[in-house]
Structure formats: C-alpha cells, structure tokens
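*Asks:* Take this structure, written in structure tokens, and hold onto it; I'll ask about it next.
The values are calculated or read from the model by the stated rules, or taken from the named source; none is laboratory data. Predicted model, so just to flag it, every value in this text is computed and none were measured. Positions of Cβ are generated from backbone atoms using ideal geometry, with glycine treated the same way; all protein chains shown enter the neighbour counts. We work out accessible area using only protein heavy atoms, side chains counted, and drop any ligands, DNA or RNA first. Shrake-Rupley method; radii C 1.70, N 1.55, O 1.52, S 1.80 Å.
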Amino acid sequence: MTHAEIMRALSGLLLGMFAAILSSTIVTNALPRILSDLHGGQSAFTWVVTATLLAMTASMPLWGKLADLFDKKLLIQIALSIYVIGSMIAGLSQSPEMLIALRVVQGLGVGGLIGLSQIILAAMIPPRERGRYSGYLGATFAAATVSGPLVGGVITDTSWLGWRWCFYIGVPFALAALVVLHRTLKLPTVRRPGVRIDWTGALLVSASVSLLLIWVTLAGDSYDWASWQSFAMVGGAVALGGLFVFVETRAAEPIIPLRLFRDRTIALSSGVSLLVGVAMLSGTVFFSQYFQLARGESATMSGVMTIPMIIGMTAASTVSGWLITRTGRWKHWLVSGGVLLTAGCGLLGTIRHDTPYWQVAVYMVLLGLGVGMTMQNLVLAAQNVVGPRDLGAASSMVAFFRTFGGAIGVAVLGALLASRVTSYSSGPLTDLGVDGGGGGAIPDMAALPDAVRGVLENAYGHGVADIFLFAAPTALASLLLTFFIREVALRTRTDGPR
C-alpha cells in the first residue's frame, strides 16, 4: 500500500479508535453527577469504569484470534456496531445497575476496536515503518482522552443537554468510521478452511478474568480481603485459569497460543503492559475525583486541568513513533518511559487538595510522557517477533494485559480510595458533630456546609495521592522488567519474522 492508501484507510481506524476511547473517558468527569442522579455510591463509580474494562479485557483475546482466522474488515465493522448499540441504550439508563450492564456491551465493542486497530495497522505496514503510523494512533488516543473528560464536563454542565448525551456523542464518530472503513480499507482475505474457534478457551479465560475482577471490586467493601468469600473467588479464578491453560495446550486453534510466551520479548512485553495499565488508568479515572471533590472544580474545568497529562502522552507517542521509524531503535524509549512513569506516580503521591496547580501539572506531564513512550511501543515490540499467522494473537495479548492491569488497578485503587477517604474524614467529621460514615456515597460538595466541605476536600486530596503512591511501585516494577527485553531490529516486511 502507498502512503496515501494507508492514510485513507487509517482515517477510518482513527475515527473508530477516537469513538472507543471517547466512550471510555467521557464519563469520568460526568460520573459524580451521573451517580448522584442515579443514587449510586463509590462502589458504583468504580463498577461503571470497571465493567467496560472487564468486557474489553475478556473479549480482546477472542477478537485477536478471530482476526487471525476471518476478515478483519468485517470484524471491526461488527465491533463498531456493538459499540453503537451499547452507547445508544446506555444513554437511557435509569439505575446504576442498568448503566453498568450496558457499559459491558460498550466494552465488548471497544475491546474489538482497540485490538483490531492495532492488528489491521500491523497487517498493512511493516514494523520498521509502523512507528510513525502507531504515533497517529497514540495521538488519537491522547486526543480522545483529553477531549473526552472536557466534552463530558461541558455536556454535564449544560442544562439543556445533560449527562445522557455523554453516551450519544460518540455514535456519529462510530457511524462515520463504518462508512470510511467500508470505502477505504482493502485487505486480502486469507481463508483457512476447516478452522474451528476455541470457544471453550474463550469462555474459560473470560470467566477467570471476570471472577478475579469481581473479587477485587467487592473485597474490602462487601466482605473482608481475608475472608472465605475472597478465598473462594481467588481459588475459583486460579482453578479456571489452570483449566484454561490445560485446554489451550490441546486446542488446534487456541485463543491465546501459549507457545508465544516462549519468546522473551512477548512474555516481558505482556508483563510490562500489565503493570503500565495500572498507572495509566489511575490518571485517567481518578483525576476527575481529585479536581472535582478535592479542589472544588466544575466538571468542565476538571477536563481542562487534565490537559498537561494528555500533552505529555501526545508528544511522547508521536515523537517516539517518528524517531523509531527513522532509527529502528525502540528499547531506550521503553526504558525512558518507565523512568518518567515511576517519577510521575511518585510525585503525584505527594499532592494534597491545596497543592499549587502548576506542581500538579508538571507531575501530570511526567506521567503522560511515561505512558506515551511505553503504550504503543510495547505492542510494536511484540508484533515485530511474530509472523502474520500470530499477528492478531500477539497484538491482542499485549493489549489484553494492559487493560487487565488497568481493570485490576481501578478496582483495587477505587476500593482503596473509598477506605482512605473514610479514614481521613471520619475523625474530623465526628468532631464537627457530623456522621462520618456516609455509606460510601459520593458527596455533593456544593450542598455541604463550609466546614464539612473542607474536611472532605482534604480527605479526597490525600486519598487520591495515596492511590498514586500505591501505583508507583508497579511503575517501578515495569521499568525493571523493561531492562530484560531484548531489542530486536525492526523488520522491513509484513510477511514474516525477521
């Protein structure tokens, strides 16, 4: 394909990616208002985010395997259609439970869009040239990440629109992507007769991942971390995972080919992605609560104040992609990204509700630079060491571990935030003669007396900082793993490993 043909096809992928990421981020600043209207608490806040991540994570291996067997163009059109249906109905939600269920449907479509975009890009472009085009995906990811909270805040603060439009707004982009991809994406269809999908493996990996995510979401709230429920759910997840491995070793077309983990680059890239996902989702999910609940900003301003992190992500993703294409060297970008990611998380662990904004902005830039240098380039490293037959499986595997790490991180850190806020606020609220329990509900700061609001602002500021302190060791672990990834020269062809 010529550069012009690639860019025409890429425009459809970018529209689909924009719609997918927009749906994931647009609700972050609107969630306090949404859950206030739907009478949900901190647990529901976490689950609205986690439900989408759970569906994305569980479905990615299946989408990746289907891409190795069937028409990639048809698959991404199906994913876009699922996303549109889920989004339209989500806007009609009447309860937190209904919204969470429809976020699962959205997540199934988003998982296909994100995974298949990487796979289709790899099918069109050899690894040596892929860096600059991956940079476009990274820039789109960053643009959707920053515009999502900002647009969501504006929609929420606009009385004649309301938060339901947060779910409708991505539909036109998805429909446009469907039209553009239909007209511009021309990929050869490789037919493999007699192929059977490993549905048993898909069911087992989905059940194992889902059970683990449900456990970390409910533990510490519905039951203790060290309880019979925890042991039962973790034991069940491990048993299902073991059964999945057993099935995959005997499947003719496994959902996740375990032989790929024999390659050190793929194994380590997957591990690093798992850890990077925790830090990445911490920033995009919990900054909205920091700015709105700890600093008293509106939903719109909350989106504006996260722009420094997105600038860092955009710059790092785009620049690293172009330079990797020019030089063919990629490992030092992963190492540098790990350093900046660790530094950003550690410094954000020092913030409080009254920390000067310029300091918070500098720390967010560091976090964004770290994510931008690692996220796309980990996928590139894995794609570079496999042939076309395993391209979809390898690409989705790295994305799978990133979203899995993010989902685990959001669930655990969300539970931690609720616990820390209660811990920091209960004593001072009791001194004021106010019930410090709160039931885990997200407070309406504007309706509270000044003294109570001051206590809760301090509690949320300190609580969000604690989240980043807990995320920092995972970022450091990702950096240490990165040192062991062997740099393999990028291939100049798309038809097989170097």
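*Asks:* Pick from 407, 411, 343, 382: which is in contact with a Gly (Cβ under 9 Å, 6 or more places away or on another chain), crowded, with 24+ Cβ neighbours inside 10 Å and part of a helix (DSSP H, G or I)? First the steps, then the outcome.
*Replies:* Numbers: 411 fails: in contact with a Gly (Cβ under 9 Å, 6 or more places away or on another chain); 343 fails: crowded, with 24+ Cβ neighbours inside 10 Å; 382 fails: in contact with a Gly (Cβ under 9 Å, 6 or more places away or on another chain).
On inspection, the qualifying residue turns out to be 407.
Every residue, every condition in (1) assigned to a helix (DSSP H, G or I); (2) free of Cβ contacts under 8 Å to residues at least 40 places away in the same chain; (3) touching a Gly at 6+ places or on another chain (Cβ under 8 Å), yes or no:
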position: 212; (1), (2), (3): yes, no, no
position: 215; (1), (2), (3): yes, yes, no
position: 231; (1), (2), (3): yes, yes, no
position: 237; (1), (2), (3): yes, yes, no
position: 247; (1), (2), (3): yes, no, yes
position: 251; (1), (2), (3): no, no, yes
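*Asks:* Something else: Under the condition of being surrounded by fewer than 21 Cβ atoms within 10 Å (Cβ to Cβ) and among the small types (Gly, Ala, Ser), which residue from the stretch 62-112 is nearest to the chain's Cα centre (by Cα)?
*Replies:* Taking the candidates together, the pick is 101.
*Asks:* May I pose another question? If you take the residues in the stretch 16-41 that are in contact with a helix residue (DSSP H, G or I) (Cβ under 8 Å, 6 or more places away or on another chain) and open to solvent by 50 Å² or more (accessible area, probe 1.4 Å), which one is modelled with the lowest pLDDT? Spell out the reasoning first.
*Replies:* Of all residues in the stretch 16-41, those in contact with a helix residue (DSSP H, G or I) (Cβ under 8 Å, 6 or more places away or on another chain) come to 16-35, 38-41.
From the residues that got through so far, the ones that are open to solvent by 50 Å² or more (accessible area, probe 1.4 Å) too are 33, 39.
Values: 33: 76, 39: 73.
My answer is 39.
*Asks:* In addition: Report yes if some residue within the stretch 339-360 is in contact with a helix residue (DSSP H, G or I) (Cβ under 6 Å, 6 or more places away or on another chain) and of a type in the set (S, T, N, Q); otherwise report no.
*Replies:* Yes, some residue in the stretch 339-360 is in contact with a helix residue (DSSP H, G or I) (Cβ under 6 Å, 6 or more places away or on another chain) and of a type in the set (S, T, N, Q).
*Asks:* If I ask for residues that are under 26 Å from residue 420 (Cα atoms) and at pLDDT 80 or above, which ones from the stretch 193-211 would you list? Spell out how you get there, then give the answer.
*Replies:* Applying the first criterion (under 26 Å from residue 420 (Cα atoms)) to the stretch 193-211 yields 210-211.
Within the stretch 193-211, just 211 meets the criteria.
*Asks:* Sticking with this structure for a sec: Could you tell me whether residue 360 is among the β-branched types (Val, Ile, Thr) and closer than 21 Å to residue 485 by Cβ? Can you show your working first?
*Replies:* On the way: among the β-branched types (Val, Ile, Thr): yes; closer than 21 Å to residue 485 by Cβ: no.
Here the answer is no, as residue 360 does not meet what is asked.
*Asks:* Please specify each residue of the stretch 346-360 satisfying the condition of being out of contact with any Phe, Trp or Tyr (no Cβ under 6 Å at 6 or more places or on another chain), under 15 Å from residue 461 (Cα atoms) and surrounded by fewer than 18 Cβ atoms within 10 Å (Cβ to Cβ).
*Replies:* Result: 350, 352, 354, 355, 356, 357, 359.
*Asks:* Now for a different question. For the stretch 154-189, how many residues are under 22 Å from the mean Cα position of the chain (by Cα), open to solvent by less than 20 Å² (accessible area, probe 1.4 Å) and either closer than 23 Å to residue 125 by Cβ or not hydrophobic (A, V, I, L, M, F, W, C) (or both)?
*Replies:* Residues meeting the conditions: 2.
*Asks:* A further question on this structure: Among the residues of the stretch 301-330, what is the count of those that are open to solvent by 30 Å² or more (accessible area, probe 1.4 Å), under 14 Å from residue 372 (Cα atoms) and of a type outside the set (A, V, I, L, M, F, W, C)?
*Replies:* Residues flagged as open to solvent by 30 Å² or more (accessible area, probe 1.4 Å), under 14 Å from residue 372 (Cα atoms) and of a type outside the set (A, V, I, L, M, F, W, C) within the stretch 301-330 amount to 2.
*Asks:* Kindly provide the set of residues from the stretch 205-236 that are closer than 22 Å to residue 101 by Cα and more than 22 Å from the chain's Cα centre (by Cα), ordered by number.
*Replies:* Kept after step one, since they are closer than 22 Å to residue 101 by Cα, are these residues of the stretch 205-236: 205-219, 221-222, 233.
Once the filter is applied, which keeps residues that are closer than 22 Å to residue 101 by Cα and more than 22 Å from the chain's Cα centre (by Cα), the stretch 205-236 yields 221, 222, 233.
*Asks:* So which of 75, 62, 22 ends up being closer than 30 Å to residue 297 by Cβ and assigned to a helix (DSSP H, G or I)?
*Replies:* Details: 75 fails: closer than 30 Å to residue 297 by Cβ; 62 fails: closer than 30 Å to residue 297 by Cβ.
Just a single option satisfies the conditions, and that option is 22.
*Asks:* Here's something else I'd like to know. Looking at (1) under 17 Å from residue 465 (Cβ atoms); (2) assigned to a helix (DSSP H, G or I), can you tell me which one residue 355 breaks?
*Replies:* The number of the failed condition is (2).
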